[in-house]
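Accompanying notes for the structure given below.
The values are calculated or read from the model by the stated rules, or taken from the named source; none is laboratory data. Here the structure is a predicted model, which means the values were calculated and not measured. All Cβ positions, even for glycine, are placed from backbone atoms using ideal geometry, and neighbour counts span all protein chains on display. Please note that ligands, DNA and RNA were not included when accessible areas were found on the heavy atoms of the full protein model with its side chains. Shrake-Rupley method; radii C 1.70, N 1.55, O 1.52, S 1.80 Å.
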Amino acid sequence: MTRRRGPLFWVTMGVLSLVFVGPLLLVLLTSLKSQGEARSVPPTYLPSEWTARAYDVLFFQDDASPVVRWFANSLLAASLHAILVVTVCAMAGYALARLEFPFKRAIFAMIIATLFVPGFIFLMPNFIILDRLGWLDTIWALVVPGAAGAFGVFFMRQFFLGLPKELEESARLDGAGPFRTFASIVLPNARPALVTLGVLSFLTNWNDFIWPIYVLFSPERLTLPAGLSRLQGAYTIDYPVVMAGAMLAAIPVLALYVFVQRYVIEGVASSGVKG
């Protein structure tokens with residue numbers, strides 16, 4: 001018998017929905033206002049005159065701000081970064097969860113210790129490494145750093161610890177080697193965790209602002225968050241255009257939420273702290 005939810009539950013859900021959806025709706029409405037109305041005091045909520053001028057400026061009139069190119073750069077960099085993170089962290093997490101080798105606990109402790117180090121400390125070392133590799137002002141400067149992040153390794157290790165060992169033992173009895181077992185048995189059962197880690201890695205890379213500005217020098221190679229900062233003038237700000245850019249940046253995030261929310265919830269619920 002299902003428990004009926006009272007009015008208080010629905011009121012609470014409505015308030016929480018408004019808190020999270022309200023800012024996004026305000027951004028959308030502002031992008032559809034005229035420049036004068038967007039700067040009016042007191043502010044208006046609904047546009048008195050609906051206009052798509054901001055999107056026209058964003059996509060067709062501002063040659064100095066190639067927003068579509070920035071969007072493509074962000075999409076490509078975030079996708080490649082997510083694939084690389086999932087690949088590296090899945091292998092490292094499985095090794096730490098199942099394989100036996102010298103100093104395994106010490107290595108895992110060192111990996112976890114890096115979680116307590118502020119990320120800004122790694123800016124200069126990573127910059128020097130990329131400079132030596134000749135990757136500055138290229139897409140690889142956005143894709144490779146952080147691919148073996150401690151959180152991803154820890155997340156996948158915890159998930160693999162929760163998988164029944166009998167699945168792998170039965171595969172070995174059938175003659176499967178370690179790599180075949182990992183690829184054919186372990187990874188298919190780890191799909192929720194892999195999707196969750198991929199989504200988190202994609203969003204982290206997509207929303208990154210400081211690092212792209214730090215390593216990219218050509219305007220046409222900027223990512224969307226870094227490029228949108230160029231839409232703000234020195235003395236005036238075209239708020240509808242800026243909000244139109246913010247809406248463009250929100251599209252992949254909303255799409256990921258719609259299509260993979262079930263896997264993310266399942267992956268987080270299955271990756272509790274064990275072992």
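Would a scan of the stretch 231-241 turn up a residue that is open to solvent by 50 Å² or more (accessible area, probe 1.4 Å) and within 29 Å of L75 (Cβ to Cβ)?
The answer is yes; a qualifying residue exists.
Tell me which helices (runs of 4 or more DSSP H) are completely within the stretch 199-274 and hold 3 or more residues being at pLDDT below 90 and more than 20 Å from the chain's Cα centre (by Cα), or say none if there are none.
Details: elements: 210-215, 224-228, 239-270.
Passing ranges, in order: 239-270.
Of all residues in the stretch 17-45, which are among the hydrophobic types (A, V, I, L, M, F, W, C) and open to solvent by less than 80 Å² (accessible area, probe 1.4 Å)?
Scanning the stretch 17-45 gives L24, V27, L28, L29, L32, A38.
I want to confirm something. Restricting to the stretch 163-196 and keeping residues that are crowded, with 16+ Cβ neighbours inside 10 Å and not in a helix (DSSP H, G or I), which single residue is nearest to the chain's Cα centre (by Cα)?
My answer is A190.
Any idea how many residues of the stretch 74-105 are in a helix (DSSP H, G or I) and either over 12 Å from the mean Cα position of the chain (by Cα) or of a type in the set (F, W, Y) (or both)?
17
Restricting attention to the stretch 106-143, which residues are open to solvent by less than 60 Å² (accessible area, probe 1.4 Å) and not in a helix (DSSP H, G or I)?
Once the filter is applied, which keeps residues that are open to solvent by less than 60 Å² (accessible area, probe 1.4 Å) and not in a helix (DSSP H, G or I), the stretch 106-143 yields V117, G134, L136, D137, T138, I139.
Using the structure shown, decide if F151 is part of a helix (DSSP H, G or I), aromatic (F, W, Y), within 19 Å of the chain's Cα centre (by Cα) and more than 17 Å from L75 (Cα to Cα).
In short, yes.
Within the set of pairs 6 or more residues apart or between chains, which connect a residue that is within 13 Å of I210 (Cα to Cα) and assigned by the TED database to the domain that holds G146 inside the stretch 117-129 to a residue that is surrounded by 10 or more Cβ atoms within 10 Å (Cβ to Cβ) and hydrophobic (A, V, I, L, M, F, W, C) with Cβ atoms less than 7 Å apart?
F127/V215
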